[in-house]
1. Please say if region 28-172 is rounded, prolate or oblate, where rounded means a/c under 1.5 for a ≥ b ≥ c the square roots of the C-alpha gyration tensor eigenvalues, and otherwise the choice is prolate for a/b larger than b/c and oblate otherwise?
2. Between residue 67 and residue 5, what is the spin-label point distance in nm, taking each point 7 Å from the Cα along the Cα→C-beta axis?
3. Using the number of other C-beta atoms within 10 angstrom as an exposure proxy, rank 181, 31, 99 with the fewest first.
4. Indicate the gyration tensor shape class of region 1-81 (rounded, prolate or oblate), computed on the Cα atoms with a ≥ b ≥ c the square roots of the eigenvalues: a/c under 1.5 is rounded; otherwise a/b larger than b/c is prolate and the rest oblate.
């Protein structure tokens, strides 16, 4: 067997998962959810327009899982140029500002010298991962390919991967992560919004409680559950208002036995009383 044979992650051939669609007129449009219409098994688990997914990685090598470059494609999707921000690789013969470049030639980055924005390279990020069920189990053995054109999303994801790799003895494999997408307003124009992706590690031994943060619809189910009363949050707030001293919230939740439900109640309560200016403490064991 050949030594140092490179591991290749073969992705699902049905397509890429993005946060963009084409309008009926054929124009690209950013959306605030992951487009998974080619993957019925994901739709069955998360719905047709999920904003958050549980994912995991099959290997530990970041560079096999994550790739990000500036690239330029032609209308027929031929890659014209690829750039890392410092050097460009010209994949076809081209002429820029009177200078000719040959296919395969490498030069210093020329994007800043190009006036026509359509001829500049743009960020493209790829992420390869498994998708997990909401309970943390593997949804499919297929490796899914995610694609984003956001440099901010790329920075978010790479930073989280590098952080977890550093803190976890170089290990990324099989750790559950929450991958989410949110529409963020442009810093220059509030009306302009862009889908930004975020990755967050979820230790498997905490999955039962932290899954509620990842999937907010579960939070709603818990708050309305008959097991913990019709409106436990409002009841607690009324009790807090009647106390003059700093309130020990965890003591008031002693009747809630399940740790994940208690955690969610504390989270919901915290959100509701922030505006009440009440002095309180949450005394509970770390998750």
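1. On the way: a/c = 2.70, a/b = 1.81, b/c = 1.49.
Judged from the Cα gyration tensor, region 28-172 comes out prolate (a/c at least 1.5, a/b above b/c).
2. Distance between the two pseudo-spin positions: 2.0 nm.
3. On the way: 181 23, 31 15, 99 10.
Ordered from fewest to most neighbouring Cβ atoms within 10 Å, 181, 31, 99 come out as 99, 31, 181.
4. Numbers: a/c = 2.35, a/b = 1.27, b/c = 1.85.
Judged from the Cα gyration tensor, region 1-81 comes out oblate (a/c at least 1.5, b/c at or above a/b).
Computed from the coordinates by the stated procedures, all read-outs in this text should not be read as laboratory data. Every value quoted in this text rests on a predicted model; they were computed, and no experiment measured them. Here Cβ is always computed from backbone atoms with ideal geometry, including for glycine, and neighbour counts include all displayed protein chains.
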